[in-house]
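Before any comments, here is the structure.
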Amino acid sequence: MAQYARGAAAVAVIRLRNPPVNALSLTVLQALEDGLKRADADPSVKAVTICGENGKFSAGADIRVFSSPKKQGLGLGPIISLIERSEKPVVAAIEGIALGGGLEVALGCHYRIAHVQARMGLPEVTIGLLPGAEGTQRLPRLIGIPAALDIITTGRHVPATEALKLGLVDEVVEENTVEAAIRLATKLIGQPLGHRRLSLRPVPRLPNMEAFLSDALMKVKKRAQGCLAPELCFQAIKAATELPFADGVRKERELFNILLTSGQAKALQYAFFAERAVEKWTTPNGASWKSASPQPIRKAAVIGLGTMGRGIVTSLVKAKIPVVGLEQDLEYLNTGRKAVMLLLEREAMKMEQGAQTLDFHNPARLQFTVDFDVLRDVDLVIEAVFENMALKKEIFNKLSRICKPEAFLCTNTSALNIDEIASVTNRPQQVIGTHFFSPAHVMRLLEIIYGRHTSPTTIATAMQLAKVMKKVGVVVGNCFGFVGNRMMFPYTQQAVFLLEEGSRPEDVDRVLEDFGFKIGPFRMSDLAGLDVGWRSRKDQGLTGPSLAPGTPARQRRGYRYSPLPDLLCEKGRFGQKTGKGWYQYEKAGGRISKPDPWIHSFLSEYRDTHQIKTRFIDQEEILERCLFALISEGFDILAEGIASGPEHLDVIYINGYGWPKHRGGPMFYASTVGLPNILAKLQKYSEMHPDVPQLRPSAFLKKLVAMGNPPLNDWMSYLHRQSNKL
Ligand code: 3HC
């Protein structure tokens, strides 16, 4: 609703009220309209202030409405016009946030005052839409085309001080914003308002408008990577430069409706809520976010200052958690320290108040040591040494003896068994996996892995740590590769099998990049380094000296195996770092990949050697084999209780593996393709490749199909139901 009151003798105050973020539901909109009409009709009211309850203006339209069957909620534009037409001055008092429709309401007001800590933006693009309440037409008239394009096509939040510079707000205050707005409204009584009505203003012209727009369109398209909304946002803003206000608004509505009915908006809105849903974690034994409280982390330590450790230290410093970085000797320590300092300098440059805010030259905030004793008083340790069980166990055993009894012990691992690591400590209930993604100070995902003995408090603390570091924590169970890497394995495996059968690395990458992945599997492998997987396969006895003599080249443990990546490693082709991998690079450490004729002839010799008939593989088969194998593994993960819902898998893939967000994550994508279609294709490919178990459809997928292909929200409820069709 919206509360109507008197702020001063002649000023009516309309307060938007819909906790927690004052989303503009139909009820709120109705109450806003009623309030405006009441103020208009009352001759003793001479001015109006609009504000929001609980220090938040509004987060915009209620996003849930867009996926409801009625899809109403677009009555906002006419209400904003009503605000603007008012003969009595209307002042917006912006506290906290004014986003989407919330900011559009403020743009309809004649004046805007913001609290210094407020943030404003039009983030509709991030949920697959565009500002659909006349915002694409008013904002350019207020702050000009370049700034409006930036704000609308990126959806970024603009801090109040920047908003003032841009002319988005008229005043920034540090005191009570609503009182300041009431004072301003009182002063404005009786003053002319014509020039304050944005719909009546022209869009400020640029000397080179056409060239500017065509350049901007190219940039928007490049950034969008297949996502429709940024380009349609652009078109709506362009309309503002070409059409009178009313026609521009019509164009905006038309474009908005295209987006609203597109699958992309549905996927992006699903992703928005999925990210919030994973915060509410549960485990199969009944532990949950509801009953577990996190412990405060006042000081942390990171062991190992390699690539991962450096990023983790940087994330902790940015989160203002005092941290100790530890290395095995002075030489490694100095290299690590220099690298961390460089990362922090760069991060500080990106921040508004830079180095002062991070304060990383202060030893109370950031300390480096080779002495484990320094870790006696830390509340939490993150071990980030390389993936070696024996080494990790040695470290955890030592930590368990040195750290105070309440301290939490986290291991940054992408695959190793958390229980085995915990078993060497005197506190397995406080041991947890924290799988960061490289570069750890940039990537948002944190896979949080509980072991058999991990306590709910430990999970809650790790989740709280993720939040403080501005990461998305996703709680998952303990199995080889956890969720992310376990699903990745069948995907990359199919990619390599496709090379054996006839594709080239660039063919496979192109199909997956066209689908929307930031980077295809072979470019990814070159970036990460082929030697990483090679080491792991040697440890598993799949290749190298421990392989039993006489093992067939393309078979392991009775199933199909491709030695292609091992053969490349044997030739020293580790990827970007050596200048050669699945592609060639301009130099060792180079980043620009070029298809490599050497690889093409190597692949054809390989096929000759193993008597594989090269065949043409179309895009559909490449996409389906890679993605459906990954999705099938996802269904197994759900059935085993390793993740508590499909949104967990989707949040992991969007935030850690470059899955295109506008396709909602692999499990959401599966629901859009239709489970019966996926099952049929997997059955077909599995018949063609009986020696590849990863192509055999998951039993849970089969069950869901037998149950009539229920919607994604209902999948988990079918886990233990009997199916008489199976
Ligand atoms: N509609 C419905 N629910 C919303 C919402 C919205 N616009 N914004 C937030 N919520 C809900 C969240 O789902 C969450 O619900 P939960 O507690 O049940 O999980 C709750 O409000 C709190 O949100 P957060 O957990 O995200 O709280 P934060 O403090 O971390 O962030 C925020 C607050 C910055 C406002 C963030 O929620 C956000 O970015 N919201 C979306 C803003 C947005 O996209 N607005 C545009 C809407 S579309 C529109 O206005 C169309 C118009 O042009 C016609």
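Checking each residue in segment 85-100 for being more than 12 Å from the ligand (Cβ to nearest atom), surrounded by 20 or more Cβ atoms within 10 Å (Cβ to Cβ) and of a type outside the set (Gly, Ala, Ser) picks out LYS88, PRO89, VAL90, VAL91, ILE94, GLU95.
Please go through segment 110-124 and give me each residue that is near the ligand (Cβ under 9 Å from one of its atoms) and not basic (Lys, Arg), ordered by number. GLY121, LEU122, PRO123, GLU124, listed by residue number. Taking (1) open to solvent by 10 Å² or more (accessible area, probe 1.4 Å); (2) part of a helix (DSSP H, G or I) in turn, THR461 satisfies each apart from (1). Is it the case that some residue within segment 211-230 is in a helix (DSSP H, G or I), within 16 Å of the ligand (Cβ to nearest atom) and not β-branched (Val, Ile, Thr)? Taking every residue of segment 211-230 in turn, at least one turns out to be in a helix (DSSP H, G or I), within 16 Å of the ligand (Cβ to nearest atom) and not β-branched (Val, Ile, Thr).
For the structure I just gave you, tell me whether GLY481 is assigned to a loop (DSSP other than H, G, I, E, B) and open to solvent by less than 10 Å² (accessible area, probe 1.4 Å).
Values: assigned to a loop (DSSP other than H, G, I, E, B): yes; open to solvent by less than 10 Å² (accessible area, probe 1.4 Å): yes.
Criteria met by GLY481.
Do we find that THR186 is among the polar types (S, T, N, Q), open to solvent by 10 Å² or more (accessible area, probe 1.4 Å), away from the ligand (no atom under 11 Å from the Cβ) and part of a helix (DSSP H, G or I) in this structure? Outline the logic, then answer.
On the way: among the polar types (S, T, N, Q): yes; open to solvent by 10 Å² or more (accessible area, probe 1.4 Å): yes; away from the ligand (no atom under 11 Å from the Cβ): yes; part of a helix (DSSP H, G or I): yes.
Yes.
Return yes when LEU527 is in a helix (DSSP H, G or I), outside the structural domain of ARG696 (by TED's automatic domain parsing) and under 19 Å from LYS594 (Cβ atoms) and no when it is not.
On the way: in a helix (DSSP H, G or I): yes; outside the structural domain of ARG696 (by TED's automatic domain parsing): yes; under 19 Å from LYS594 (Cβ atoms): yes.
Yes: the conditions hold for LEU527.
What residue, of GLY544, GLY533, GLY550, GLY589, is part of a loop (DSSP other than H, G, I, E, B) and either touching a Pro at 6+ places or on another chain (Cβ under 6 Å) or open to solvent by less than 40 Å² (accessible area, probe 1.4 Å) (or both)? Show your work before the answer.
Values: GLY533 fails: part of a loop (DSSP other than H, G, I, E, B); GLY550 fails: either touching a Pro at 6+ places or on another chain (Cβ under 6 Å) or open to solvent by less than 40 Å² (accessible area, probe 1.4 Å) (or both); GLY589 fails: either touching a Pro at 6+ places or on another chain (Cβ under 6 Å) or open to solvent by less than 40 Å² (accessible area, probe 1.4 Å) (or both).
After applying the criteria, what remains is GLY544.
Restricted to segment 15-63, and to residues there that are of a type in the set (D, E, K, R) and either within 12 Å of the ligand (Cβ to nearest atom) or open to solvent by less than 10 Å² (accessible area, probe 1.4 Å) (or both), the residue that is nearest to LEU107 (Cα to Cα) is LYS56.
Consider GLY575 carefully, then state whether it is surrounded by 19 or more Cβ atoms within 10 Å (Cβ to Cβ), of a type in the set (Gly, Ala, Ser) and at pLDDT 95 or above. Yes.
Here MET487 meets the list (1) surrounded by fewer than 18 Cβ atoms within 10 Å (Cβ to Cβ); (2) of a type in the set (A, V, I, L, M, F, W, C); (3) touching a Pro at 6+ places or on another chain (Cβ under 8 Å) almost entirely, failing just condition (1). Scan segment 496-506 and tell me whether some residue there is touching a residue at least 60 places away in the same chain (Cβ under 8 Å), within 24 Å of LEU649 (Cα to Cα) and within 25 Å of the chain's Cα centre (by Cα). Scanning segment 496-506 turns up no residue that is touching a residue at least 60 places away in the same chain (Cβ under 8 Å), within 24 Å of LEU649 (Cα to Cα) and within 25 Å of the chain's Cα centre (by Cα).
Only one entry in LEU130, LEU107, LEU103 is under 15 Å from GLU84 (Cβ atoms), more than 6 Å from the ligand (Cβ to nearest atom), surrounded by 24 or more Cβ atoms within 10 Å (Cβ to Cβ) and in contact (Cβ under 8 Å) with a residue 60 or more places away in the chain, namely LEU107. Any chance segment 528-545 includes a residue that's under 27 Å from the mean Cα position of the chain (by Cα), closer than 26 Å to CYS227 by Cβ and modelled with pLDDT of 90 or more? Checking segment 528-545: not a single residue is under 27 Å from the mean Cα position of the chain (by Cα), closer than 26 Å to CYS227 by Cβ and modelled with pLDDT of 90 or more.
The set of residues in segment 302-320 being among the aliphatic types (A, V, I, L, M) and crowded, with 22+ Cβ neighbours inside 10 Å consists of VAL302, ILE303, LEU305, MET308, ILE312, VAL313, LEU316, VAL317.
Step by step: first the residues of segment 410-427, then only those that are aliphatic (A, V, I, L, M) and assigned to a loop (DSSP other than H, G, I, E, B), then the one that is nearest to SER455 (Cα to Cα). Which residue is that? The selected residue is VAL424.
Residues satisfying the criterion are present in segment 50-73 (criterion: closer than 20 Å to VAL178 by Cβ, in contact (Cβ under 8 Å) with a residue 24 or more places away in the chain and in contact with a Ser or Thr (Cβ under 8 Å, 6 or more places away or on another chain)).
Look through segment 214-234, keep the residues that are more than 15 Å from ILE151 (Cα to Cα) and touching a residue at least 40 places away in the same chain (Cβ under 8 Å), and return whichever of them is surrounded by the fewest Cβ atoms within 10 Å (Cβ to Cβ). Working first, answer last.
Going residue by residue through segment 214-234, those that are more than 15 Å from ILE151 (Cα to Cα) are 214-215, 218, 221-222, 225-228.
Next, only the ones that are touching a residue at least 40 places away in the same chain (Cβ under 8 Å) stay: 225-228.
Numbers: GLN225: 16, GLY226: 14, CYS227: 21, LEU228: 20.
The selected residue is GLY226.
A residue that is of a type outside the set (A, V, I, L, M, F, W, C), touching a Pro at 6+ places or on another chain (Cβ under 9 Å) and under 26 Å from GLY658 (Cα atoms) occurs somewhere in segment 226-245. Listed by first and then second residue, the pairs linking a residue in segment 7-28 that is closer than 15 Å to VAL65 by Cβ to a residue that is modelled with pLDDT under 95 and more than 14 Å from the ligand (Cβ to nearest atom), with Cβ atoms under 8 Å apart and 6 or more places separating them unless they lie on different chains, are ASN18/MET1; THR27/MET1; VAL28/MET1; VAL28/ALA2.
A count restricted to segment 235-294 and to residues that are in a helix (DSSP H, G or I), within 11 Å of the ligand (Cβ to nearest atom) and either surrounded by fewer than 20 Cβ atoms within 10 Å (Cβ to Cβ) or within 25 Å of the chain's Cα centre (by Cα) (or both) stands at 13.
Sort out which residues of segment 592-608 are within 25 Å of SER536 (Cβ to Cβ) and either surrounded by fewer than 19 Cβ atoms within 10 Å (Cβ to Cβ) or out of contact with any Phe, Trp or Tyr (no Cβ under 8 Å at 6 or more places or on another chain) (or both), and write them in order of number. Listed by number, the residues that qualify are PHE602, LEU603, TYR606. For PRO690, indicate whether it is outside any helix (DSSP H, G or I), more than 18 Å from MET716 (Cα to Cα), open to solvent by 10 Å² or more (accessible area, probe 1.4 Å) and modelled with pLDDT of 95 or more. Here the answer is yes, as PRO690 does meet what is asked.
Taken over segment 368-409, residues that are under 18 Å from GLY325 (Cβ atoms), charged (D, E, K, R) and surrounded by 15 or more Cβ atoms within 10 Å (Cβ to Cβ) amount to 4. Checked against (1) touching a residue at least 60 places away in the same chain (Cβ under 8 Å); (2) touching a Leu at 6+ places or on another chain (Cβ under 9 Å); (3) farther than 23 Å from MET389 by Cα, ILE612 passes all but condition (2).
Within segment 329-364, the set of residues being over 28 Å from the mean Cα position of the chain (by Cα) and in contact (Cβ under 8 Å) with a residue 40 or more places away in the chain comprises ASP329, LEU330, ALA364.
Mind listing just one residue for me: the one in segment 433-458 that is hydroxyl-bearing (Ser, Thr, Tyr) and within 19 Å of the chain's Cα centre (by Cα) and, of those, surrounded by the fewest Cβ atoms within 10 Å (Cβ to Cβ)? Show your work before the answer.
Initial filter on segment 433-458 (hydroxyl-bearing (Ser, Thr, Tyr)): 434, 438, 450, 454-455, 457-458.
Those left that are additionally within 19 Å of the chain's Cα centre (by Cα): 434, 438.
On the way: THR434: 24, SER438: 14.
Of everything passing the filter in segment 433-458, SER438 is surrounded by the fewest Cβ atoms within 10 Å (Cβ to Cβ).
In segment 133-169, of all residues being away from the ligand (no atom under 16 Å from the Cβ) and open to solvent by 50 Å² or more (accessible area, probe 1.4 Å), the one that is nearest to VAL220 (Cα to Cα) corresponds to ASP150.
The values are calculated or read from the model by the stated rules, or taken from the named source; none is laboratory data. Keep in mind the model is a prediction, meaning the values are calculated, not measured. Heads up, the Cβs are rebuilt from the backbone with ideal geometry, glycines too, and the neighbour counts pull from every protein chain shown. The protein model used for the area step is the full one, side chains on, heavy atoms only, and it has no ligands, DNA or RNA in it. Shrake-Rupley method; radii C 1.70, N 1.55, O 1.52, S 1.80 Å.
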